[in-house]
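Below you'll find the structure I mean.
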Number of protein chains: 2
Amino acid sequence: MKLSFLLAPLLLAAPAALAQKAPAAENLVQYARPIIGTQKMGHTYPGATVPFGMVQLSPDTDTLLYAKDGKYNPDIYRYCAGYQYDDPTIVGFSHTHFSGTGHSDLGDFLVMPTTGPLQLNPGTAQKPESGFRSRFSHQNETAEPAYYKVKLDDHNIGVELTATTRVGMHQYTFPKSDQAHIILDLMAGIYNYEDKNTWTYVRVVNDSLITGYRQTNGWARTRTLYFAMAFSKPFKQYGYRNYSKKQVYRGFWGKFDQAHNFPEMAGEQLRAYFDFNTQEGEKIKVKLALSPVSQEGAVANMQAELPGWNFEQTKAQSQALWQQELSKVTIQSPKKDDKINFYTALYHTFLGPTVYQDADGQYRGIDQNNHKAEGFTNYTTFSLWDTYRALHPLFNLVQPQRNADMVQSMLAHYSQSPEHMLPVWSHHANENWCMIGYHSVSVIADAVLKGNATFDANKALDACVATARHDSYDGVGFYRQLGFVPEDKNSSSVSKTLEYAYDDWCIAQMAQKLGRQDIHQEFSQRAQNYKNVYDARIGFMRPRLADGSFRKEFDVLSTNNQGYIEGNSWNYSLYVPQDPKALIQLMGGSKRFTEHLDSLFTMHLPDKFFAETEDITRDGIIGNYVHGNEPAHHAAYLYNWTDQPWKTQQRVRMILPKMYRPTPDGLGGNDDCGQMSAWYIFSALGFYPVAPGSTEYALGSPAIHGATMTLESGKTFRITVKNQSDKNVYVKEARLNGQKLTRPFLQHQDIVKGGELVFTMGGKP
Amino acid sequence: MKLSFLLAPLLLAAPAALAQKAPAAENLVQYARPIIGTQKMGHTYPGATVPFGMVQLSPDTDTLLYAKDGKYNPDIYRYCAGYQYDDPTIVGFSHTHFSGTGHSDLGDFLVMPTTGPLQLNPGTAQKPESGFRSRFSHQNETAEPAYYKVKLDDHNIGVELTATTRVGMHQYTFPKSDQAHIILDLMAGIYNYEDKNTWTYVRVVNDSLITGYRQTNGWARTRTLYFAMAFSKPFKQYGYRNYSKKQVYRGFWGKFDQAHNFPEMAGEQLRAYFDFNTQEGEKIKVKLALSPVSQEGAVANMQAELPGWNFEQTKAQSQALWQQELSKVTIQSPKKDDKINFYTALYHTFLGPTVYQDADGQYRGIDQNNHKAEGFTNYTTFSLWDTYRALHPLFNLVQPQRNADMVQSMLAHYSQSPEHMLPVWSHHANENWCMIGYHSVSVIADAVLKGNATFDANKALDACVATARHDSYDGVGFYRQLGFVPEDKNSSSVSKTLEYAYDDWCIAQMAQKLGRQDIHQEFSQRAQNYKNVYDARIGFMRPRLADGSFRKEFDVLSTNNQGYIEGNSWNYSLYVPQDPKALIQLMGGSKRFTEHLDSLFTMHLPDKFFAETEDITRDGIIGNYVHGNEPAHHAAYLYNWTDQPWKTQQRVRMILPKMYRPTPDGLGGNDDCGQMSAWYIFSALGFYPVAPGSTEYALGSPAIHGATMTLESGKTFRITVKNQSDKNVYVKEARLNGQKLTRPFLQHQDIVKGGELVFTMGGKP
């Protein structure tokens, strides 16, 4: 009786949660296709995961080495997510994968069911029978959110995978066999090299439970991941081989036959096997739980999340989680492909950052100590150079609580970081320092400015300031002293100068909102530094040297040692998102600026330059506009600040179908932990956050026929598109709650207070 | 007012503690000489430690590699404790050392202060100026319990060391220098090999605190030790070099100059340095705390135990702990050397097993999970093949609470062990499986039988039984099936059979006391198995084959592949401590047995046999009696079961001065974690525990003039020796509480209930 009384306030406090639980009119999970982006450059993975899940259980089609004979192996790049659609074989199913990265790591705990004589080497794709890998066919493959299914032809085994946040579940349907095996390969890994494993350990707890860990020295320099693996049926025998070339003291360990049925395995390079007799059609299930903290943590995670063995129920519950998340933005379109593109993109944006803590809140910190997340969920995998642009702004609309927790995770990183810095590119309790800038500050400022700072904003500002004043970091000392990063002291100097200036503007905005005037002043000043690398004589941003002069040798089309990274001067010269108006002035006014923009999209980039740009193929380039990389992601929207905003609409509608298609090769470049997909979501809805840290969105041209965004507050923001068609890409009129917009911009408050935006489209500008 | 009332029961409950705190009449610390045993074979270390301390902070005079070019380096054996008295140089001061072992590990966190140009390689003993090592002289060296002092001649630095349980404290007196360095060598280690380190990590927390860890794959296969290191003065700069040949992904780490003032160091092979300017005579202090659990644990241990910087006070407090422990047995003798021998031996017996948990009770278990010790202190370093004989029986007299905690630690090991076995030879959360037997059961039975089982004795018995039935362990399956270990199936088969039979008798005794009749019966039967390897035709124990026959090729003097380990048949044939009477019958009666015993002590062992015996030199052998190894440690006392017990008295008084001398080379063999020294203590007091697990002691001949044993109960047992002299080695009469003893035996209860034993000595048998 009292219970209902007590519950009432809780229910009132969580109307959004309630709203999400209401049955959705349409099954949205059917439209999200994890297979999209698995061919060529997308670097997505097709396997099973829940929204922001710690486990990404997915097939790996190859396990190349990062280097052969000390030389970098360029083919490794295709395997950032472990799976390439064109490959004929599957090596196994591992439990951790990045989505869409351009460098990689992980691929932990590869599990493979086999039949026949035991083979502990993976074999080759050319000759799969030489090892445990198996041929497979896309006809026998299904990839859905939280569900993956495939037939292993060589072993005649049906494989189904699903996952909860911290547990991967496998269901193997075996043929009749007295030689059925489940292999646990602790050597396998993504972006592996021969001595990447620093140590691995396995303990056989009983005849159906093992625990252990893997320690690696890779992109994450000092990484440990723990696991617990349960089998639905006791194994009849087990064993392992140690493939390490390392000198190992054996001593009195020789008194045991360690290779067979010995319950403690340890070494650098281990592959273990577990043997079964199976009946025709017999299902053996495996649950593998992860923990960043301990073996016990992994066991507890399994107990907490997935104590039973019901595969179908687990799949259904995990797909229901996806339905709930995908329902946050519902769209209307007569074309199924639009829905496939949209919900696949939304699916990709909700893959990460990923939960990185045990069920009890414990996690490994970047100081290599264990910590407990108090009052927030700890996340990892911050590909910030990519995701500050549109992914975190998207979260500020549809995942504000998670986004605030991500900021808390970044602040925890800051307080635990030996360098006393916010994350740059961090994963699994490690900073890998990838790319440039200190874009944590953009994510934090965007949350603060948009009113989603459930964290301590003043402490967060202090962390931003400390990071931005870290002189020994990547030219910041020179930048603070000279107003720019000098190319003769630090490479990619123009990219760094421009991005630091933008980040500084974010800090200034945050400081202003928090009334910290001294900081506001310092960083407003720093935010002007983009001007210091602009060479007015040529109309481009250009590297400068420490003596103040512009570097003589310079090619505006090249990215090869020209002061840029992942983009040439033509693209990067547009990178002043914090003040496009001033940039336009700097570059000679609206007309000249428009010409620059036009040429970006229409010129032909000679092959020799295109080959120089990292992480990109022709698929990701339109003219000289590189959509497959991020630096110009805002570029199409800059027309809004000229007198030809209709060109934004035209460019966006031109980019969308070229770069996002409902096919395995449908992504024009690495999805980059959801940034590419977040660009899609915003652009398809008709607006884009050109400068995160500002509360303004630039309007584009919606690609859908209508949409409803359901916010955590319970409010909804509705987008109605009249007269929509592939030809009608121009916005004739936009009305917000009935009021005609006179400028092609929208405010964050306009959305979060709820309401309706009505676009009326037309075929001409 | 109430306080005194509340305190009263506590005071009453701990009279022993009070008694110990009473000021001792005599400074006993002065007699304990850590330098004894550091020359030749003793393998003790001279450095600073507290009783049973986790930190053993001691100079290392060399750091040889375990193997060179894949071949075992026999010279490594000299460096089991890191220090050899004859060496001319010191490499540095590391924080963990075994005392007296014959194989090794540890030597963690070597710290070395230097002056002059920075040198990060250790250099060679022949040319110390080629590296950071330094010449030193024994004239400038002092080694006391919990205090070590030396002058580093090459650097003109005075070094003083002391320690608390978990913290080592260094005090360096520098000359004036603007090139003063403190080196932290994470590559150094005892029984090192090139890739023994699996990973090391250092975090510079601030300008005077660093933390980190070292992971090794050595004798302990999967070992991690954490540290926190504080400097009394901020360093002016710091850096490190990574000497690993391992392929390491660098990537964007290149944006930092990691070698200088970069606060995060990680890799397999690191040496770090910390630089200072010093004034003439300036003291810089360093505290280095250990933790088996985490860096945070190490910091907390330092805070809990040694928050300040007072070196003299720390030394005084730690030496007071030694005074307290050494006072448990006070002796009288007119000869200072007797006191030096006795208190040095007592010091050695109180070095280990060592505390292995943080101040808050957390420790790493053998399952590689962290656990919390509830209701006991967790210990590690169980050299059980050695220490079950006399060390743990000694503890049952003078350290019963610690001994019970050691048993609790062994039971925790059992419950966490992947193999579900009690420890064999375990250290630092690892089982190294060294030597043979399952002598944990002896330690447990001895504690149970002697009434010191504050643990759950029935659970302990279950653990013993499970261990003794572990068929895949070292021939146990054959032993259970055949009644002996067959030499053609498992080497050292006679040693194993004999020791298993003794251990089984221990289990039987314990089962009887606990009323577990089925177990008593099973193991009483098994305890008879020694008879199965006795060859009556030759009067010696002899290896048998699986077909039941005795092996034909056999040499009673050899230990080379003859069915024995660390002892030949002549010694091992006496190994039936559980029933000497039956053994004497088996071997042909008292006369023949006495002849065997006599010949053991008097025959000449040809050099070729002596060279075969492991861990031994001529120094440790008397005739064919090998005192430097353990299998015959009880042998001299076996005369008590013959009609010539006076020969026990004679042999013991002959062994004592030969094997224990007050000089650096004063130990006749490896001290083996205190077993050799425990033999001394018992024998010098006049009795010995021939069969731990029985409550009976065999009387020998006291070597001192009197002694008082103060028990934890507060009771005292007094030994008075009348007419004592070097010549008067024979016991004319022994009276217990005035009652003349008719048999040369003493009961445990006779001691623990308190009382007096009066020996009257004479010059003839």
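Modelling each spin label as a point 7 Å along the Cα-to-Cβ direction, I'd like the B:Arg618/A:Lys715 distance in nm, to one decimal.
If labels sit at B:Arg618 and A:Lys715, their model points lie 9.7 nm apart.
Express the Stokes-Einstein translational diffusion coefficient of the protein assembly as shown in µm² s⁻¹, to the nearest whole number, given a Kirkwood radius over alpha-carbon pairs, 25 °C and a viscosity of 0.890 mPa s.
On the way: Rh = 35.9 Å.
Result for D is 68 µm²/s.
Moving on to the next point. Diagonalise the Cα gyration tensor of the range B:2-324 and give the resulting equivalent ellipsoid semi-axes, square root of 5 times each eigenvalue, largest first, whole Å.
Numbers: eigenvalues 213, 108, 88 Å².
Value: 33, 23, 21 Å, ordered largest first.
Here is a further query. Under a Cβ-only charge scheme (Lys and Arg +1, Asp and Glu -1), can you give me the dipole magnitude of the protein assembly as shown about the Cα centre, in debye to the nearest 20?
Working: 148 positive and 152 negative charges, 297 e Å.
Approximately 1420 debye in magnitude.
Can you work out ³J(HN,Hα) from phi for every residue in the range B:196-202, in order, using Karplus 6.51 cos²θ - 1.76 cosθ + 1.60 and θ = phi - 60°, giving whole Hz and x for Gly and Pro?
Each residue of the range B:196-202 in turn: 5, 5, 8, 6, 9, 8, 9 Hz.
Related question: Classify the range B:549-695: rounded, prolate or oblate, from the alpha-carbon gyration tensor (a ≥ b ≥ c, eigenvalue square roots; a/c under 1.5 rounded; otherwise prolate if a/b is larger than b/c)? Working shown, then result.
Values: a/c = 1.63, a/b = 1.08, b/c = 1.51.
Oblate is the answer for the range B:549-695, as a/c is 1.5 or above yet b/c matches or exceeds a/b.
Rounded to the nearest 0.05, what FRET efficiency is calculated for B:Trp309 and A:Gln279 with R0 set to 56 Å and r the Cβ-Cβ distance?
Numbers: r = 71 Å, r/R0 = 1.27.
Here the calculated transfer efficiency is 0.20.
Check A:Ala146: other-chain or 5+ apart residues with amide H under 5 Å from its amide H, H built from backbone geometry?
It is A:Thr49, by chain and number.
Can you compute 3J(HN,Hα) from phi for each residue in the range B:164-172, using the Karplus curve 6.51 cos²θ - 1.76 cosθ + 1.60 with θ = phi - 60°, rounded to whole Hz and x for Gly and Pro?
10, 4, 10, 10, x, 10, 10, 10, 10
Further question on the same structure: Tell me, how many Å apart are the Cα centres for the range B:267-317 and for the range A:571-589?
With the range B:267-317 and the range A:571-589 each reduced to a Cα centre, they are spaced 55 Å.
State, as an integer percentage, the relative contact order of the range A:328-762 based on alpha-carbon contacts under 8 Å between residues 6 or more apart.
Values: 877 pairs, mean separation 71.1, N = 435.
With pairs under 8 Å counted, the relative contact order is 16 percent.
Next question, about the same structure. Report, for B:Lys581, each distance to the same residue's label point in the other copies, shortest first and in nm; define the point 7 Å along Cα→Cβ.
10.9
Grab the other residues whose beta carbon is less than 9 angstrom from that of B:Met112, score K and R as +1, D and E as -1, and report the net. Display every interim value, and only then the final one.
Numbers: positive: B:Arg133; negative: B:Asp185.
Net charge in that neighbourhood comes out at 0.
Still on this structure, I have one more. I'd like to know which of B:Gln237, B:Ala220, B:Tyr249 lies farthest towards the positive end of the charge dipole of the range B:211-292, counting +1 on Cβ of Lys and Arg and -1 on Cβ of Asp and Glu.
Checked the options; the winner is B:Ala220.
With θ set to phi - 60° and the Karplus curve 6.51 cos²θ - 1.76 cosθ + 1.60, what are the ³J(HN,Hα) couplings of the range A:471-481 in order, to the nearest whole Hz, using x for Gly and Pro?
4, 7, 8, 6, x, 4, x, 5, 4, 6, 7
Sort shortest first the distances from A:Lys336 to its counterpart in every other copy, using label points 7 Å along the Cα-to-beta-carbon line, and give them in nm.
Distances to the matching label points in the other copies: 10.1 nm.
Something else about it: Of A:Tyr347, A:Gln525, A:Leu326, whose Cα points farthest to the positive end of the dipole of the protein assembly as shown (charges on the beta-carbon: +1 Lys, Arg; -1 Asp, Glu; origin at the Cα centre)?
A:Leu326
Quick one: if you stick a label point 7 Å off each Cα along the C-beta vector at B:Ala259 and B:Lys335, how many nm between them?
My value for the distance between the label points is 6.0 nm.
Moving on to the next point. Using a ≥ b ≥ c from the Cα gyration tensor of the range B:625-730 (square roots of the eigenvalues), is it rounded, prolate or oblate, where a/c under 1.5 gives rounded and otherwise the larger of a/b and b/c decides, a/b for prolate? Kindly include the intermediate steps, with their values, before the conclusion.
Numbers: a/c = 1.20, a/b = 1.14, b/c = 1.06.
Rounded shape, in that the Cα axes give a/c under 1.5.
Then there's this: Using modelled backbone amide H atoms (1.01 Å from N, in-plane), which distant-in-sequence or interchain residues come within less than 5 Å of A:Thr61's amide H?
A:Tyr83, A:Gln84, A:Val91
Another one. Can you give the FRET efficiency to the nearest 0.05 for A:Met654 and A:Thr742, using r as the Cβ-Cβ distance and R₀ = 25 Å? Could the numbers behind the result be given before it?
Working: r = 26 Å, r/R0 = 1.02.
E between A:Met654 and A:Thr742, to the nearest 0.05, is 0.45.
Determine which chain B residue has its Cβ at minimum distance from the rotation axis mapping B onto A, giving the value in whole Å.
Reported as residue, whole Å: B:Thr198, 3.
To continue, here is another question. Starting from the exponent 0.38 and prefactor 2.2 Å, build the expected Rg for the range B:120-189 from its residue count and divide its actual Cα Rg by it.
Dividing the Cα radius of gyration by 2.2 N^0.38 Å gives 1.18.
Using packing as a proxy for protection, rank B:206-214, A:616-624, B:646-654, B:49-57 so that the peptide with the highest average count of other Cβ atoms within 10 Å comes first.
Numbers: B:206-214: 20.1, A:616-624: 18.4, B:646-654: 21.9, B:49-57: 27.0.
Answer by packing, highest mean first, reads B:49-57, B:646-654, B:206-214, A:616-624.
Would you give the gap between the C-alpha center of the range A:724-739 and the C-alpha center of the range B:730-765, rounded to a whole Å?
Here the two parts' Cα centres lie 110 Å apart.
Right, another one. How would the range A:280-325 be classified by its alpha-carbon gyration tensor: rounded, prolate or oblate, with rounded meaning a/c under 1.5 and the a/b versus b/c comparison settling the rest?
Verdict is oblate for the range A:280-325.
Grab the Cα-Cα distance for A:Ala546 and A:Asp86, subtract it from 0.36 nm times how many residues apart they are, and report the gain in nm with one decimal. Walk me through the numbers on the way to the answer.
Details: separation 460, 0.36 × 460 = 165.60 nm, distance 4.84 nm.
Result for the pair: 160.8 nm of gain on full extension.
Here's a follow-up. How high is the FRET efficiency between A:Asp69 and A:Gln126 when r is their beta carbon distance and R₀ equals 22 Å, given to the nearest 0.05?
Values: r = 20 Å, r/R0 = 0.92.
The value I calculate is 0.60.
Same structure, new question: Rounded to whole Å, give me the distance from the Cα center of the range B:381-412 to that of the range B:180-206.
32
State, to one decimal in nm, how far the label point of A:His138 lies from the label point of A:Asp598, with both points 7 Å from Cα in the Cβ direction.
A separation of 4.0 nm, rounded to one decimal place.
Then there's this: Taking H as built 1.01 Å from N, whose amide H comes closer than 5 Å to the amide H of B:Phe540, not counting residues under 5 places away?
Result for B:Phe540 returns B:Asp535.
Additional query: Using +1 at the C-beta of Lys and Arg and -1 at the C-beta of Asp and Glu, which of A:Ser130, A:Gly92, A:Gly116 has the Cα lying farthest in the positive direction of the dipole of chain A?
Going by the charge dipole, the pick is A:Gly92.
Okay, moving on. Scaled to the compact-protein estimate 2.2 N^0.38 Å, what is the alpha-carbon radius of gyration of chain B, rounded to two decimal places?
Working: Rg = 26.2 Å, N = 765, 2.2 N^0.38 = 27.4 Å.
Normalised Rg, Cα atoms only: 0.96.
Continuing with the same structure: Along Cα-to-Cβ, 7 Å out, sits the label point; list in nm, shortest first, how far the one on A:Gln401 is from those in the other copies.
5.1
FYI, it's all coordinate maths here, none of it is from the lab. Here the structure is a predicted model, which is why all the values come from computation and not from measurement. When we count neighbours, we look across all protein chains shown, and the Cβ atoms used for this are built from the backbone with ideal geometry, even at glycine.
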